[in-house]
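Read the structure below first, then the notes.
What follows draws every value from the coordinates through simple rules; no lab data is involved. Owing to the predicted nature of the structure, the values given are computational and were not obtained by experimental measurement. Please note: Cβ atoms are built from the backbone with ideal geometry, for glycine as well, and neighbour counts cover all protein chains shown.
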Amino acid sequence: MSDALDPTPYDALLLLSFGGPEGPDDVVPFLENVTRGRGIPKERLKEVGQHYFLFGGVSPINDQNRALLEALRKDFAEHGLDLPVYWGNRNWAPYLTDTLREMVTDGRRRILTLATSAYASYSGCRQYRENLADSLAALEAEGLEPPRVDKLRHYFNHPGFVRPMIDGVLKSLSELPEDVRQGAHLAFTTHSIPNAAADTSGPAEDHGDGGAYVREHLDVARLIADAVREETGVEHPWQLVYQSRSGAPHIPWLEPDICDHLEERHGAGAPAVVMVPIGFVSDHMEVLYDLDTEAEAKAAELGLPVRRSATVGADPRFAAAIRELVLERAAKETGAAVTPCALGALGPSHDLCPVGCCPARAPKPAAAGADSPYA
């Protein structure tokens, strides 16, 4: 068709996610995959796995990725974008290496990757790129020619990611009792990471000293809070807070924790809180347990009315945003003039991660960056 959208030079999109168990027998093997190389005993993993066992040993993330796959394929087909979409996980089936092998067998040579993490950090970007490099090296060791793999830029400030979250906050506010609605505070939540990882997130040359992880979340929180004020006429106090801390207790991680924040807000007289999980693409385990279970239990103990707003998930506007990002990157690769779409103060993120971006403690090869061995 003459009006078909052209993804050239790309011939496939890879949805790359974390993965999760799909039954009780999967929980410990899944956690062994996640923690491989750290020497954590199996008995400790069984303790950690209790969060999953509370939900029948099933993480919701895989079904959410299936829904996102369906939304992407539907959007692409409706808009004339002939680009197959594959799915691979870092830590559970379908495994990334298996998916890349399938893609090579299908003849895919230029692959764009969508990671289910919107922000800059080691665990949210660089580690995905390291996993890609490991899988490409495994294919090469099998005698297959690795494809060229690029990664879509960070989409934290794309309208198709931000607008669904704005609507989620408005809906949650409307569900609060009228007598507390106008005074409700907004708690924007994201995954806590070690302070050292936050300080070195993003390219050091941007804004002088890294720190992109917190800076990007603050920009999104401000966008949402401003939009809520414009649409309701009410200024809701807000703060960026953290959840899902792990690791050794002596290592500093980003604070405050959401439960501590709820206690502090209650003590300061806040009449209600809306928890807004801006750091998560979908309602996976850390949202279901840390917010819907643990934080809501803390709020109930305090007698503090709370609501938790929706993540983006498979919202059609998010699928449309991914289509736009695919076409944007394809146009750039062919030398066309492009105006990237981004809200807020930070502008569009880089397409190619610079050398030293979001560094690991021990340097490893990483695909889809300026230092990629598979460019």
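Details
- Remark: the chain carries a charge dipole of roughly 540 debye about the Cα centre, counting +1 on each Lys and Arg Cβ and -1 on each Asp and Glu Cβ.
- In the chain, a dipole from Cβ-located charges (positive for Lys and Arg, negative for Asp and Glu) runs towards its positive end, and of Gly183, Pro277, Gly107 it is Gly107 whose Cα lies farthest in that direction.
- Over the C-alpha trace of segment 78-211, radius of gyration and Dmax come out as 19.7, 67 angstrom.
- Size descriptor, Kirkwood hydrodynamic radius, that averages inverse alpha-carbon separations across the chain, Å: 21.6 Å
- Counted by neighbouring Cβ atoms within 10 Å, the residues Cys353, Cys341 run from fewest to most as Cys341, Cys353.
- About its Cα centre, segment 78-199 has a charge dipole of approximately 300 debye under the convention of +1 per Lys or Arg Cβ and -1 per Asp or Glu Cβ, with nothing else charged.
- Shape box of segment 159-308 [Cα atoms, principal axes, largest first, Å]: 46, 34, 29
- Of all DSSP beta bridges confined to the chain, the antiparallel ones make up roughly 5%.
- Dipole moment magnitude, nearest 20 debye, segment 159-308 about Cα centre, only Lys, Arg, Asp, Glu C-beta charged: 200 debye
- Under 25 Å from Lys364, Cα to Cα: lysines that are on another chain or at least 8 residues apart: Lys151
- All Cα pairs of segment 289-329, percent lying beyond 16 Å: 56 percent
- From helices alone, the chain scores -12000 deg cm²/dmol at 222 nm; the rule is -39500 (n - 2.57) for each run of n ≥ 4 DSSP H residues, then divide by the residue total.
- Contour excess over end-to-end distance, with Cα ends at Leu5 and Phe55 and 0.36 nm allotted per residue: 13.8 nm
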